[in-house]
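First comes the structure, then the notes that go with it.
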Amino acid sequence: TVYRYGGRNRLEGLDCSQLVFEFLISAGKLPHGDDGTAQGLFGRFYAHKYTSSPVFGDLAFYGKSIEAISHVAICITDLLMIEAGGGTSSTKTLELAIENSAMVRIRPIKYRKDFLGVVPMQLFS
């Protein structure tokens, strides 16, 4: 699936928060049809716990600060995540996504310099 800023459709492209919402909805952790932003997800779960030691299923958050979250991903190991990334707010077409290699992809959790930390998945049960 390609990355698409503001994307809410798996066939046309997803942004980072919608990929995470799809995961949480499928896992029964959020109601179907719920959506929002990376900042909104952080605000929803941050009050529980926040750590820098990721494990499978945790949500990884990125940004300038906890008041300026710009990206969210799902940890699939303690070192790797799956994300909808590689794009910017101007990535709104398939052609731009392909040009920028913006897609759902696996990357090291801490490959981005703006890594802030993770919220443990076990808190969502």
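Checked against (1) over 25 Å from Ala27 (Cβ atoms); (2) at pLDDT 95 or above, Arg107 passes all but condition (1). Number of residues in segment 67-125 that are open to solvent by 70 Å² or more (accessible area, probe 1.4 Å) and of a type in the set (Asp, Glu): the value is 4. The set of residues in segment 22-33 being out of contact with any Phe, Trp or Tyr (no Cβ under 6 Å at 6 or more places or on another chain) and either assigned to a loop (DSSP other than H, G, I, E, B) or within 20 Å of Thr88 (Cβ to Cβ) (or both) consists of Ala27, Gly28, Leu30, Pro31, His32, Gly33. Among residues of segment 26-49 that are open to solvent by 80 Å² or more (accessible area, probe 1.4 Å), those with a beta-carbon under 7 Å from a residue that is at pLDDT below 75 and not polar (S, T, N, Q) at least six positions away or on a different chain give the pairs His48/Leu123; Lys49/Leu123.
The values are calculated or read from the model by the stated rules, or taken from the named source; none is laboratory data. Since the structure is predicted, the reported quantities are computational estimates derived from the model, not experimental observations. Note that we place each Cβ from the backbone using ideal geometry, even for glycine, and neighbour counts take in every protein chain shown. Note: areas computed on protein heavy atoms with side chains; ligands, DNA, RNA excluded. Shrake-Rupley method; radii C 1.70, N 1.55, O 1.52, S 1.80 Å.
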